[in-house]
Amino acid sequence: MPVRLVRSPGCGGHAQALAEALLADGQVIEDQDTDPDGVQLHCGPEGLSLVTPAPRPLELRIDFTRGRQAYRLARAGHAREDLLRALGTLPAGSRILDASAGLGRDALVLAARGFRVLAFERHPVLAALLEDALHRAQASASLRPILDRIDLRAEDVRTALGDLEPVAEAAIFDPMFPARAKDAAVKKEMQILQQLIGADPDPDAPETLAALRRHVRRRVVVKRPLYAPPVGDETPAHALRGRSIRFDVYLPLPGSGESAAASPRAR
């Protein structure tokens, strides 16, 4: 289903440039006859947002300066979050790949801890939404040093990794998954993303995981729901279980960068 671009007064600057690029690439359309109940990309004075008018109005705007994300970032310097624990002890300033940047939350937390994050988002509309949020957040003097450690790429990590040198110390991968039928209420943001991306957004997750394992020195951490099976056929080296999320840890494939066996901290 095509995404309709809707402009309101105040649409300008960086947000407008991103919207124009999507329009030129055919990723969004301005046809007024587009399904009015479909996903819309709104460009206004507060930047870009995704809106789904039906079955009930929902809006998603990424904002790193207010709300839950700002609180999580404020705690990132000392909180023992499961993702950070799953990554283990990494050298200061390590490069980490984020294979599915999505709403950018994991990338921001990792950057706040001093890591350099190379983040990939292959859906062009979602990548533009995240790029717009990162640009707006640059206005915050306290966030600017964190944002400078994030390099966002609007492309598929599998094709981009072929030219990546040197390899990263670690990678994170959060493949989207269909909500279970018995889930009474899916979070607003997930409802919008599922309408934007589709019911099965990561059918090639095993191939992505394999590509990441060929380009890290220490480990790949895959975020999964507790009820979900591991990605692909191989059993993870170990897993860290939270209340609703599980972090599966995979070691590099043989011959990938520096062998994981060379560092006991990789385990």
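The values are calculated or read from the model by the stated rules, or taken from the named source; none is laboratory data. As the structure is a prediction and not an experimental result, all values here were calculated from the model. No Cβ is skipped: glycine too gets one built from the backbone with ideal geometry, and neighbour counts run over all protein chains shown. All accessible areas refer to the heavy atoms of the entire protein, side chains included, with ligands and DNA or RNA removed. Shrake-Rupley method; radii C 1.70, N 1.55, O 1.52, S 1.80 Å.
The lone criterion from (1) open to solvent by less than 50 Å² (accessible area, probe 1.4 Å); (2) modelled with pLDDT under 90 left unmet by PRO264 is number (1). Among residues of region 1-15 that are touching a residue at least 24 places away in the same chain (Cβ under 8 Å), those with a beta-carbon under 7 Å from a residue that is of a type in the set (A, V, I, L, M, F, W, C) and open to solvent by 30 Å² or more (accessible area, probe 1.4 Å) at least six positions away or on a different chain give the pairs PRO2/ILE29; ARG4/ILE29; LEU5/LEU23; LEU5/ILE29.
Among residues of region 138-153 that are closer than 15 Å to ILE62 by Cα and without any contact (Cβ under 8 Å) to a residue 24 or more places away in the chain, those with a Cβ under 8 angstrom from a residue that is of a type in the set (Lys, Arg) and in a helix (DSSP H, G or I), sequence gap 6+ or separate chain, pair up as GLN138/ARG144. If the condition is being farther than 19 Å from ARG246 by Cα and assigned to a loop (DSSP other than H, G, I, E, B), then region 208-235 contributes ARG214, HIS215.
Does at least one position in region 80-87 carry a residue that is at pLDDT 95 or above, open to solvent by 10 Å² or more (accessible area, probe 1.4 Å) and not hydroxyl-bearing (Ser, Thr, Tyr)? No, because not a single residue in region 80-87 is at pLDDT 95 or above, open to solvent by 10 Å² or more (accessible area, probe 1.4 Å) and not hydroxyl-bearing (Ser, Thr, Tyr). Selection of region 102-137 for residues being open to solvent by 10 Å² or more (accessible area, probe 1.4 Å) and free of Cβ contacts under 8 Å to residues at least 60 places away in the same chain yields ARG105, ALA112, ARG113, GLY114, PHE115, ARG116, GLU121, ARG122.
Residue-level check: of (1) open to solvent by 10 Å² or more (accessible area, probe 1.4 Å); (2) in a helix (DSSP H, G or I); (3) hydrophobic (A, V, I, L, M, F, W, C), ALA239 misses just (2).
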